[in-house]
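J.: Pasting in a structure now, in structure tokens, and then I'll have a few things to ask.
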Amino acid sequence: MARLIVWLVLAIIIARLLWRFIRAILDGAGMLRGDAPPSAMKLVRDPVCGIFVVPSQALTAGSGSDTMYFCSEKCRKQWSGR
């Protein structure tokens, strides 16, 4: 009888630990939160190498609607040398 009680207590402890582990994984993946998914970020293509870059973090050349976005100084120099 004592063995049965020990096994039941161990099973309950293991089940609770396993449940906490699964909840931590799901919460870390954002599956348990009620947050809205992140909005899509606008990307523009570097005309030299073709890599997509975030406009706010990219190097630029030109102005207004003629603005070109570049991933690096090397690409910007290569574009301006054309």
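J.: How big is the chain along each principal axis, measuring the range of its Cα positions in Å and listing the largest first?
T.: Computed over the chain, the largest-to-smallest principal extents equal 87, 26, 14 Å.
J.: Give me, ordered by chain and number, the residues 5 or more places off D46 or on other chains with an amide H under 5 Å from its own placed amide H.
T.: The answer is I51, F52, V53.
J.: Let me ask something else about it. Evaluate the distance, in nm, between pseudo-label points positioned 7 Å from the Cα of M1 and of S65 along their respective Cα→Cβ axes.
T.: Modelled inter-label distance: 8.9 nm.
J.: Would you mind telling me which residue in A15, A40, A61 has the biggest mean-square fluctuation in a Gaussian network model of the chain, where springs connect alpha carbons within a distance under 10 angstrom?
T.: Maximum fluctuation in the GNM of the chain, among the listed residues, is at A15.
J.: Explain nothing, just the number: dipole magnitude of the chain about its Cα centre with +1 on each Lys and Arg Cβ and -1 on each Asp and Glu Cβ, in debye rounded to the nearest 20.
T.: 260 debye
J.: Still on this structure: Going by Cα centres, region 40-82 and region 1-22 are how many Å apart?
T.: A separation of 58 Å, based on Cα centres.
No value in this document is a laboratory result; all are computed from the given coordinates. A quick note: this is a predicted structure, and the numbers were derived from the prediction, not measured. Neighbour counts are summed over all protein chains in view; Cβ atoms, including those assigned to glycine, are modelled from backbone coordinates with ideal geometry.
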